[in-house]
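As structure tokens, the structure follows; a few thoughts come after it.
The values are calculated or read from the model by the stated rules, or taken from the named source; none is laboratory data. Just so it is clear, the structure is predicted and the values come from calculations on it, not from any experiment. In this analysis, Cβ positions are derived from the backbone assuming ideal geometry, glycine residues included, and neighbour counts consider all displayed protein chains. The accessibility values were calculated without ligands, DNA or RNA, using every heavy atom of the protein model including side chains. Shrake-Rupley method; radii C 1.70, N 1.55, O 1.52, S 1.80 Å.
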Amino acid sequence: MFVRKSSEKINELMKRAERMGTSRRHFLELVGLSAGAALLARRRLFADEKGIVPTMVNAAAQAKITIHPIRRNISVLEGSGGNIAVLTGKDGKLLIDAGFAVSRPAIANALTSINADPITHLINTHWHTDHTDGNAWLHSVGAAITAHENTRKRLSVATRVEGWHWTFPAAPAGALPAKTFTAEQEIRQNDTRIKLKYYEPAHTDSDIWIHFTDADVIHVGDTWWNGVYPFIDYSTGGSIDGQIQAAEANLAAITDKTIIIPGHGPVGCKSDLAEFRDMLVTIRRNVAALKKQGRTLDETIAAQPTAAFDAKWGQFLITPAAFTGLVYAGV
Ligand SMILES: [Zn+2]
């Protein structure tokens, strides 16, 4: 049964429990709160902790940047926000995504350790801050920025992400992509063909893939979170159905030999991506069935429609309850 307590009281008790070394989950079990009440309490906790965005920035500030050579002249830098791909060669470095600005020294060091060539080009997979916050400094050292026109549109004005309880101010002029496109674009750099394609609204309304067709390496941005539940940004055009359609588009575009760079999580292959698609489809079906029965969000969370997947996928920023909420909002 749901024990009704004021949220102030819950927070006070939770803080005391934490001081005594009791985990939040254990505490919520102890006081007999329903999953829905736990979700509400967790929202309050995020507010107390100044929100998920500062949490991500702090994590990036402390993180080491790891370099993973992928194939040919392509590497991935991991550790600051979304995965950053790097293409090297005679025309200078091309980066896909920019990480957080606080990681500038660590990212610059990692790039210099690959070689001394300048950074000449940056492509954003979508507008989110964990992929674009470093745009300004990368532009200041010489990178021209390319992205979908909606990335420029979102970065140009103050933008609220309800799911993060955060409003981002408009980005400075230098951080805005100067080269934008609407559907598809092909570019050449470092003797490499690079195809850019818009997904239509998926995780946001600004997502694109970047396909190094000769190397058969593709960066799919936040249309794929490898091994963890994804965030879906309904505030700027994302939805569960868009996320599923993007996963299907990715699967149709690749082969068993393609190396796939996700927005978050380790680089993977087609079978990993198919597992992600299957997880999305199954949870969508489960949540839609519960909602169709007339269950509220709290009742749907309490029915645990993600249970079969939680041990693997529920261990990162997006908890099982939070992901259920993201799916519920779109069915
Ligand atoms: Zn994102």
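Yes or no, residue by residue, for (1) charged (D, E, K, R); (2) under 29 Å from residue 51 (Cβ atoms); (3) open to solvent by less than 40 Å² (accessible area, probe 1.4 Å):
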position: 239; (1), (2), (3): no, yes, yes
position: 248; (1), (2), (3): yes, no, no
position: 264; (1), (2), (3): no, yes, yes
position: 289; (1), (2), (3): no, no, no
position: 304; (1), (2), (3): no, yes, no
position: 308; (1), (2), (3): no, no, no
position: 314; (1), (2), (3): no, yes, yes
- prompt: Counting just the residues of the range 139-155 that are among the hydrophobic types (A, V, I, L, M, F, W, C) and within 11 Å of residue 176 (Cα to Cα), which one comes out farthest from the ligand (Cβ to nearest atom)?
  reply: 144
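Would you confirm, using the coordinates I've provided, whether residue 94 is within 17 Å of the chain's Cα centre (by Cα), at pLDDT 90 or above and either over 19 Å from residue 129 (Cα atoms) or crowded, with 19+ Cβ neighbours inside 10 Å (or both)? If you could, list the steps in order and put the result at the bottom.
Working: within 17 Å of the chain's Cα centre (by Cα): no; at pLDDT 90 or above: yes; either over 19 Å from residue 129 (Cα atoms) or crowded, with 19+ Cβ neighbours inside 10 Å (or both): yes.
So residue 94 fails the test.
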task: Filter the range 60-81 for residues that are assigned to a loop (DSSP other than H, G, I, E, B) and either in contact with a Gly (Cβ under 9 Å, 6 or more places away or on another chain) or at pLDDT below 95 (or both) and give the result.
output: 63, 64, 65, 73, 79, 80, 81
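For the range 290-307, enumerate the residues that are outside any loop (DSSP other than H, G, I, E, B) and closer than 14 Å to residue 330 by Cβ. Step through it out loud before you land on a result.
Just the residues of the range 290-307 that are outside any loop (DSSP other than H, G, I, E, B), to begin with: 290-292, 297-302, 307.
Hits for the range 290-307 are 290, 291, 292, 297, 300.
Take the residues of the range 211-228 that are away from the ligand (no atom under 15 Å from the Cβ) and buried (at least 19 other Cβ atoms within 10 Å of the Cβ): which is nearest to the chain's Cα centre (by Cα)?
Step one: of the range 211-228, the residues away from the ligand (no atom under 15 Å from the Cβ) are 211-218, 227.
Filter once more, keeping what is buried (at least 19 other Cβ atoms within 10 Å of the Cβ): 211-212, 217-218.
Values: 211: 19, 212: 21, 217: 19, 218: 16 Å.
It comes out as 218.
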- request: Among the residues of the range 74-105, write down those that are more than 20 Å from residue 144 (Cα to Cα) and touching a strand residue (DSSP E or B) at 6+ places or on another chain (Cβ under 9 Å).
  value: 78, 79, 81
- prompt: Consider residue 207 against the criteria (1) in contact with a Gly (Cβ under 6 Å, 6 or more places away or on another chain); (2) acidic (Asp, Glu); (3) at pLDDT below 95: it satisfies all of them except one. Which criterion is unmet?
  reply: (3)
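Considering the range 116-131 alone, what residues qualify as being acidic (Asp, Glu) and open to solvent by less than 10 Å² (accessible area, probe 1.4 Å)?
First, pick out the residues of the range 116-131 that are acidic (Asp, Glu): 117, 130.
Correct list: 130 only.
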- prompt: Of 158, 171, which residue is open to solvent by 20 Å² or more (accessible area, probe 1.4 Å), within 16 Å of the ligand (Cβ to nearest atom) and not basic (Lys, Arg)?
  reply: 171
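Could you please let me know if residue 219 is on the phi < 0 side of the Ramachandran plot and either at pLDDT 95 or above or not hydrophobic (A, V, I, L, M, F, W, C) (or both)? Can you show your working first?
Numbers: on the phi < 0 side of the Ramachandran plot: yes; either at pLDDT 95 or above or not hydrophobic (A, V, I, L, M, F, W, C) (or both): yes.
Criteria met by residue 219.
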query: Is there a residue in the range 230-242 that is without any contact (Cβ under 8 Å) to a residue 40 or more places away in the chain and either outside any loop (DSSP other than H, G, I, E, B) or within 14 Å of the ligand (Cβ to nearest atom) (or both)?
result: yes
task: Mind listing whichever residues of the range 132-147 are surrounded by 24 or more Cβ atoms within 10 Å (Cβ to Cβ) and assigned to a helix (DSSP H, G or I)?
output: 132, 135, 138
